[in-house]
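> Questions regarding the structure given below will be posed in turn.
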Amino acid sequence: MLSGMESLERLRAGNRRFVAGAQDQGSASQTRRTELVAGQEPFAVILGCSDSRVPAEIVFDQGLGDLFVIRVAGNIIAPSLVGSVEFAVDLFGTRLVVVLGHTQCGAVKATVDELERPSGSRSANLRAIVDRVRPSVENLLEAGITDRAALVRQAVRANVRASANHLRHGSQIVEDLIAHDGLLVVGAEYSLETGVVDFFDGVPEGK
């Protein structure tokens, strides 16, 4: 199994191929599908947003069996999502977890809208998503950021940091693997405009 940093470099290389339009066309071959019937060994866990423009396997140019992908609007953290991460890192020995947000995130925009103009009409389910993003936006508002574009831009990254930090400290399994077995939990942002993924949180210094 790859180390956390080796896995991160593999994702970076795949994203460079994606941006350059030089993807590996054989990554989803029928031979590979047959090989995976017996089991899987994904080298990275991606907890990303459900946005249709950010499919992890495509933006990282990976194929069948390479990534354990968990998707939810706003890349938020809830108990079932933490459990999904625990499942992968514990059962498969995966040593990299990436919380992947993206520019112009709809869940972040919805949270900004709710704070600026409370609607009171959202379903309890939608409100549960907004409420998990809310602290990241509120902190920025308290810091005096009122320009909407700047607020959304910074809130996307703040929300990624919050989710990654929750994973690092909200699970005994994850905490133990970070402390004793080389698990790496990082935060990243995908640019809808350029296709580039920026790993900006939790990456060891100089890496």
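> Taking the condition of being without any contact (Cβ under 8 Å) to a residue 60 or more places away in the chain and under 12 Å from the mean Cα position of the chain (by Cα), how many residues in the stretch 166-199 meet it?
So the count comes out to 1.
> Please determine, by comparing only the residues of the stretch 192-207 that are within 19 Å of ALA164 (Cβ to Cβ) and of a type in the set (D, E, K, R), which one is surrounded by the most Cβ atoms within 10 Å (Cβ to Cβ).
Among those that are within 19 Å of ALA164 (Cβ to Cβ) and of a type in the set (D, E, K, R), it is ASP201.
> Against the conditions (1) in a helix (DSSP H, G or I); (2) surrounded by fewer than 21 Cβ atoms within 10 Å (Cβ to Cβ); (3) free of Cβ contacts under 8 Å to residues at least 40 places away in the same chain, where does LYS109 fall short? Just the number, please.
Of the numbered conditions (1) in a helix (DSSP H, G or I); (2) surrounded by fewer than 21 Cβ atoms within 10 Å (Cβ to Cβ); (3) free of Cβ contacts under 8 Å to residues at least 40 places away in the same chain, the odd one out for LYS109 is (3).
> Separate question: Considering each of ARG12, ARG32, ARG53 in turn, give the residue that is in a loop (DSSP other than H, G, I, E, B), of a type in the set (Lys, Arg) and touching a residue at least 12 places away in the same chain (Cβ under 8 Å).
ARG53
> All but one of (1) more than 30 Å from ALA38 (Cα to Cα); (2) assigned to a helix (DSSP H, G or I) hold for ASP90, so report the exception by its number.
Among (1) more than 30 Å from ALA38 (Cα to Cα); (2) assigned to a helix (DSSP H, G or I), ASP90 violates only (1).
> Here's something else I'd like to know. For LEU100, state whether it is under 30 Å from GLU41 (Cα atoms), within 19 Å of the chain's Cα centre (by Cα) and either assigned to a strand (DSSP E or B) or at pLDDT below 95 (or both).
yes
> State which residue is farthest from GLY106 (Cα to Cα) when the search covers only the stretch 55-64 and only residues that are at pLDDT 95 or above and either surrounded by fewer than 23 Cβ atoms within 10 Å (Cβ to Cβ) or acidic (Asp, Glu) (or both).
ASP61
> In the set ASN125, ASN159, ASN139, ASN165, which member is surrounded by 14 or more Cβ atoms within 10 Å (Cβ to Cβ) and more than 25 Å from PHE60 (Cβ to Cβ)?
None of the other options fit; the residue is ASN139.
Residues checked against (1) assigned to a helix (DSSP H, G or I); (2) not basic (Lys, Arg):
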residue: GLY83; (1), (2): yes, yes
residue: GLU86; (1), (2): yes, yes
residue: THR94; (1), (2): no, yes
residue: ARG122; (1), (2): no, no
residue: LEU126; (1), (2): yes, yes
residue: VAL130; (1), (2): yes, yes
residue: ARG134; (1), (2): yes, no
residue: GLU138; (1), (2): yes, yes
residue: ALA158; (1), (2): yes, yes
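> Hey, among SER7, SER50, SER3, which residue is farther than 20 Å from PHE199 by Cβ and among the polar types (S, T, N, Q)?
SER50
> Going residue by residue through the stretch 74-92, is there one that turns out to be buried (at least 21 other Cβ atoms within 10 Å of the Cβ), of a type in the set (Gly, Ala, Ser) and in contact with a helix residue (DSSP H, G or I) (Cβ under 6 Å, 6 or more places away or on another chain)?
Looking for residues that are buried (at least 21 other Cβ atoms within 10 Å of the Cβ), of a type in the set (Gly, Ala, Ser) and in contact with a helix residue (DSSP H, G or I) (Cβ under 6 Å, 6 or more places away or on another chain), one finds at least one in the stretch 74-92, hence yes.
The values are calculated or read from the model by the stated rules, or taken from the named source; none is laboratory data. Quantities reported herein were computed from a predicted structural model and do not represent experimental measurements. Counting neighbours? That spans all protein chains shown, and the Cβs are built from the backbone with ideal geometry, glycine included.
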